[in-house]
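Chemist: Quick one: structure below, then a few questions.
The values are calculated or read from the model by the stated rules, or taken from the named source; none is laboratory data. Bear in mind that the values here come from a model prediction, so they are computed numbers and not experimental data. Positions of Cβ are generated from backbone atoms using ideal geometry, with glycine treated the same way; all protein chains shown enter the neighbour counts. Accessible surface areas use protein heavy atoms only, side chains included; no ligands, DNA or RNA. Shrake-Rupley method; radii C 1.70, N 1.55, O 1.52, S 1.80 Å.
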Amino acid sequence: MESLGVVDISKAQAAQRMGRAGRVSEGVCLRLYPEVAFDSLEETTVPEILRVNLAQVVLQLKGMGVHDPRSFSFLTPPSPENIEKSFELLGALGAIDEEMKLTSYGKEMSKLPLDPVFAHLLLQSSKFECVDEILTVVSMLSAENIFFRPGGRGDDSGGLAAKSAAAHRRFASHEGDLPTLLNVYKAWRKEAVYISASQPSKMRKKLEKEMINKKGPSSKMLHGDWCKQNFISGRALARAHDVRSQLSELCARSAEKNGLAMDIHLSCNAEMTSFFQCICAGLFLQVATRLPAPPQDKKSSRAGHIPTTRGHYKTRQGKQSVSIHPLSFLFGRNPAPKCVVYTDLLYTSKLYIRGVTQIREEWLDDFEFGSLD
């Protein structure tokens, strides 16, 4: 299972950051760590190909006709174990068969410039008739830090932290983070007007002027004003919109033109059960179930006592003990959901799951869980 971990930089990265800070004029570089810590850093950064999950690389190579990616002449050859794990993941998703050949489903996955798990999620959306919603969710996940959260508390930030939390609350879904992202995008499309930077400058100014002068119940806000009011990152949201446009074009394109011939307007509308079933089908390898609470003694059964295992989960793959990330909209929910899916793991002081969404455990009966350890 791939996870995001906090690691030290290298000396080369430290020198690069120092040079970036001194582009305008000469100055002094202050490092917020002792010299002994700098001396203990690695000279250079470990190449990314040796650190990340290679499933997408392997899938793309197979789609290009490379039968055995292990024989491909990489500039920095990854370990055979890493490639084997990628084969296991692709096999579990149905992208390759027992002979390591690309299946017809794998060929469709290789057309999508996405992580194989998210490509699988998007392809499953046709089955559950929620292509429109899953396109939005996958695109929003591609843009990091959608929510703007000012630091500090009270007077330290002028109350902005409390204001941002209140603004985000209108988008929050009881079921978790992915439907919350969907709510943000829907509200933005309904209430704001986004004028792409690719538009000519005169056209942008004309459209902005028309929006400013337009008043009434049907009037919309400009993209920047809407994002500022709702504490949303305008740049991240614009990126998500652009990614969605590109994915939509690829999915709607005919198979003869190397597309997927999907109905991108297929929507579950208010029938959100289909949406959550699709999320379960797409992320079935990234499931965590809540750990049962231990028997309580008289001391711990007093009123107001919170069990230490509330909000603690165990992943089905790897059997790792994890907690819901504090920035998740499911964090601290009472009662905590029994079964969830997640988009990624993050290791800081402990192991967290992010992109968390509640599902029904019985939906998992249709999927076979192998070992991807």
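Chemist: Considering only residues of the range 222-255 that are under 23 Å from the mean Cα position of the chain (by Cα) and of a type in the set (D, E, K, R), which is least open to solvent (accessible area, probe 1.4 Å)?
Modeler: Applying the filter and picking the extreme gives R244.
Chemist: Quick one: count up the residues across the range 316-353 that are open to solvent by less than 10 Å² (accessible area, probe 1.4 Å), among the β-branched types (V, I, T) and in a loop (DSSP other than H, G, I, E, B).
Modeler: Of the residues in that region, 0 qualify.
Chemist: Are any residues in the range 18-51 open to solvent by 70 Å² or more (accessible area, probe 1.4 Å), of a type in the set (S, T, Y) and in contact with a Ser or Thr (Cβ under 6 Å, 6 or more places away or on another chain), and if so, which ones?
Modeler: Result: T44, single match.
Chemist: Among all residue pairs at least 6 apart or on different chains, which show Cβ distances below 7 Å where the first residue, located in the range 89-113, is in a helix (DSSP H, G or I) and the second is of a type in the set (D, E, K, R)?
Modeler: Within 7 Å, the pairs are G106/K62; S110/K62.
Chemist: Using the structure shown, decide if E84 is assigned to a helix (DSSP H, G or I) and loosely packed, with under 15 Cβ neighbours inside 10 Å.
Modeler: yes
Chemist: A follow-up question, please. Got at least one residue in the range 176-193 being surrounded by fewer than 17 Cβ atoms within 10 Å (Cβ to Cβ), more than 30 Å from Q358 (Cβ to Cβ), over 20 Å from the mean Cα position of the chain (by Cα) and at pLDDT below 95?
Modeler: Scanning the range 176-193, I find no residue that is surrounded by fewer than 17 Cβ atoms within 10 Å (Cβ to Cβ), more than 30 Å from Q358 (Cβ to Cβ), over 20 Å from the mean Cα position of the chain (by Cα) and at pLDDT below 95, so the answer is no.
Chemist: Would you tally the residues in the range 52-81 being closer than 27 Å to A281 by Cα, open to solvent by less than 30 Å² (accessible area, probe 1.4 Å) and part of a helix (DSSP H, G or I)?
Modeler: Qualifying residue count, the range 52-81: 5.
Chemist: Looking at V57, V66, V7, can you tell me which residue is under 30 Å from the mean Cα position of the chain (by Cα) and touching a residue at least 12 places away in the same chain (Cβ under 8 Å)?
Modeler: V57
Chemist: How many residues are assigned to a loop (DSSP other than H, G, I, E, B), open to solvent by less than 20 Å² (accessible area, probe 1.4 Å) and not small (G, A, S) when one looks only at the range 354-363?
Modeler: 2
Chemist: Failed condition for K127, given (1) under 25 Å from Y342 (Cβ atoms); (2) open to solvent by less than 50 Å² (accessible area, probe 1.4 Å), with all others met?
Modeler: K127 satisfies all of (1) under 25 Å from Y342 (Cβ atoms); (2) open to solvent by less than 50 Å² (accessible area, probe 1.4 Å) except (2).
Chemist: State which residue is farthest from V137 (Cα to Cα) when the search covers only the range 256-265 and only residues that are open to solvent by 60 Å² or more (accessible area, probe 1.4 Å) and in contact (Cβ under 8 Å) with a residue 24 or more places away in the chain.
Modeler: Out of the qualifying residues, it is N258.
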